[in-house]
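Structure, as structure tokens:
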Amino acid sequence: DAGVIQSPRHEVTEMGQEVTLRCKPISGHNSLFWYRQTMMRGLELLIYFNNNVPIDDSGMPEDRFSAKMPNASFSTLKIQPSEPRDSAVYFCASSLQGAPNQPQHFGDGTRLSIL
Amino acid sequence: GNSVTQMEGPVTLSEEAFLTINCTYTATGYPSLFWYVQYPGEGLQLLLKATKADDKGSNKGFEATYRKETTSFHLEKGSVQVSDSAVYFCALGRGTDKLIFGTGTRLQVFP
């Protein structure tokens, strides 16, 4: 079975540019999570969706970050304008809500470098 | 609030040594507990889980027992291999989809 698919795997862009990260969750999963991982701050939850609806975006760092989930099989995380401090690995994960104790399944991440 | 505390790394071991990575938690009620592993360049993968007190999760030679009396979920393996080198995350889940992760512990195993 296909896992969580993220694209691109690597992104290098200049400060001020718009960056869009994409995620396709596992088919049938109805919860989706965006995380950011850095050496300094570790793994941070940015936002999560249940049934395509944002539930908790308290981890989104600032207004430059936005996330959407237009349907059950696709989500985007957008940074506009990007800054060097946004450089990190961004992970998407999905899980099946409603069934107890279900784990999250992670994609391989997008490594973002802002120059 | 709910939280997870892991021992700081790196943990450095020789091949075939015994491994323990400590994890303690703070939570109301009866959370589920998880260990995830992250290999270089990859996302986190579920390693094992336990859903109630005294449950033992196990996978790939790793074990962890849910101890409510000590609020702990320590990860153990009797004989580590070089291929076990990775970052290990303890996590807590309580009735919601939002997991609380520890800060991760890096394990380095040398031949």
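List of remarks:
- Segment B:95-111 - residue that is closer than 21 Å to B:THR28 by Cβ and assigned to a strand (DSSP E or B) and, of those, modelled with the highest pLDDT: B:PHE101
- Of the residues making up segment A:1-39, those that are of a type in the set (D, E, K, R) and part of a strand (DSSP E or B) are A:GLU11, A:ARG22, A:LYS24, A:ARG36.
- Members of segment B:61-94 that are assigned to a loop (DSSP other than H, G, I, E, B), hydrophobic (A, V, I, L, M, F, W, C) and over 13 Å from the mean Cα position of the chain (by Cα): B:VAL80
- Close pairs (6 angstrom Cβ cut-off, 6 or more residues apart or separate chains): at pLDDT below 95 in segment B:63-75, part of a loop (DSSP other than H, G, I, E, B) anywhere: B:LYS68/B:ALA53
- Selection from segment A:58-115 of residues that are part of a loop (DSSP other than H, G, I, E, B), within 14 Å of another protein chain (Cβ to nearest Cβ) and hydroxyl-bearing (Ser, Thr, Tyr): A:SER58
- Checked across segment B:49-56, the condition of being within 24 Å of A:ASP56 (Cβ to Cβ), basic (Lys, Arg) and without any contact (Cβ under 8 Å) to a residue 60 or more places away in the chain holds for at least one residue.
The values are calculated or read from the model by the stated rules, or taken from the named source; none is laboratory data. It should be emphasised that the depicted structure is a prediction, and the values quoted were computed from it without experimental measurement. Cβ: placed from backbone, ideal geometry, glycine included. Neighbour counts: every protein chain shown.
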